[in-house]
1. Amide H to amide H under 5 Å from PHE263: which residues, 5+ apart in sequence or cross-chain, H placed 1.01 Å off N in plane?
2. Taking only C-alpha pairs under 8 Å that are 6+ residues apart, what is the relative contact order of region 52-181 in percent?
3. Amide H of ILE236 versus every other amide H placed in the peptide plane: which residues, excluding those fewer than 5 positions away on the same chain, fall under 5 Å?
4. Have a look at LEU24, LEU164, LEU154 and tell me which one the Gaussian network model of the chain (Cα, springs below 10 Å) gives the largest fluctuation.
5. Over the Cα atoms of region 122-258, compute the convex hull volume and normalise it per residue, giving Å³.
6. Looking at the chain only, what percent of DSSP beta bridges run antiparallel? Nearest 5 please.
7. Per 5 Å bin, what is the whole-percent P(r) computed from every C-alpha pair distance within region 92-192?
8. Mean-square fluctuation check for the chain, GNM, Cα pairs under 10 Å: which of LYS15, LYS93, LYS271 is largest?
Amino acid sequence: MLEAFKLFVTVYEQKSFSRAAALLHLSQPGVSVHVQHIEAELGAKLFHRTPKQVKPTQAGELFYRKAKQILSLYQEAQQEIQQLQGTVSGRLKIGASFTIGEYLLPKLLAEYAARYPSVSAEVTIANTEQINQAVRANELDVGLVEGDVPPSDLHVEPFYKDELVLVAAVDHPLARLKSVSVDHLHDQVWIFRESGSGTRAYSDRLIRQWELRVAHSYVFSSSQGVKEAVAAGLGIALLSRLIVGKELASGELAVIPMAKQRFSRDFCVLKPAGEPASRALQMFLDRVKTL
């Protein structure tokens, strides 16, 4: 029944049989059959089904609370048994925003995998807002994100201080100056990430704070796209030093030398508040905190 409980909980939290089926890599009819078996076992209807929505009944609400408790107790039992045996195994569903997922997580995960080879991991890379929503929907065990996270029922903990730099093509007029003031940034062309990105939120906040006039802007849905556009001379951008470190070292990009200005932000861990972490997840979190 454990798998049936997991399936029911996913349908409840996704409010959709089709989304639950996609998330669990099952067919929608298969999901419906499993729920029908639970309903037959309990002798009660758990969902009101309409073409547009799936809404839990009063029995469904009660069963959801109990199923979550059972799954939580089972996870605790797994952890305690693993601790007795001194082993770390299981599966992690990790989410990361683009900067972290593409430039920080691969090395971190390689080191973790070398130490705990019995743990498998599935990584989802998306923007901060999307990872936030996925952790809240219990689609991910943990999220690693950049930028501000709005108040929610999630546990949020900073783990890394990221430095950002204002970059341009090496032949850009601002890159040739010894010192750049805020006034120099008026009427520039900017290259941005999409809305929902932590990097975009930081750039927008900076432009508002300095009341900058933006001549024109271009939006790319990846940091790599922003970086390539800047190198091609399309405009300037604010990016993590993690992203542009190699290009700065090779001379493909240049830092705009801002006078008396330093840019930094926190990378944060997101996970459901109050839910016990598996031993595999706890070992991963311990490694993240050493960065």
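The values are calculated or read from the model by the stated rules, or taken from the named source; none is laboratory data. Note that the coordinates shown come from a computational prediction; the quantities given were computed from them, not determined experimentally. For neighbour counting, all protein chains shown are included, and Cβ atoms are generated from backbone atoms with ideal geometry for every residue, glycine included. The protein model used for the area step is the full one, side chains on, heavy atoms only, and it has no ligands, DNA or RNA in it. Shrake-Rupley method; radii C 1.70, N 1.55, O 1.52, S 1.80 Å.
1. Here the answer is LEU164, since their amide H atoms fall under 5 Å of that of PHE263.
2. Dividing the mean separation by the residue count of region 52-181 yields 22 percent.
3. VAL189, TRP190, ILE191
4. LEU24
5. 120
6. Restricted to the chain, the bridges split so that about 55 percent are antiparallel.
7. 2, 10, 17, 17, 13, 11, 11, 8, 6, 3, 1, 0
8. LYS15
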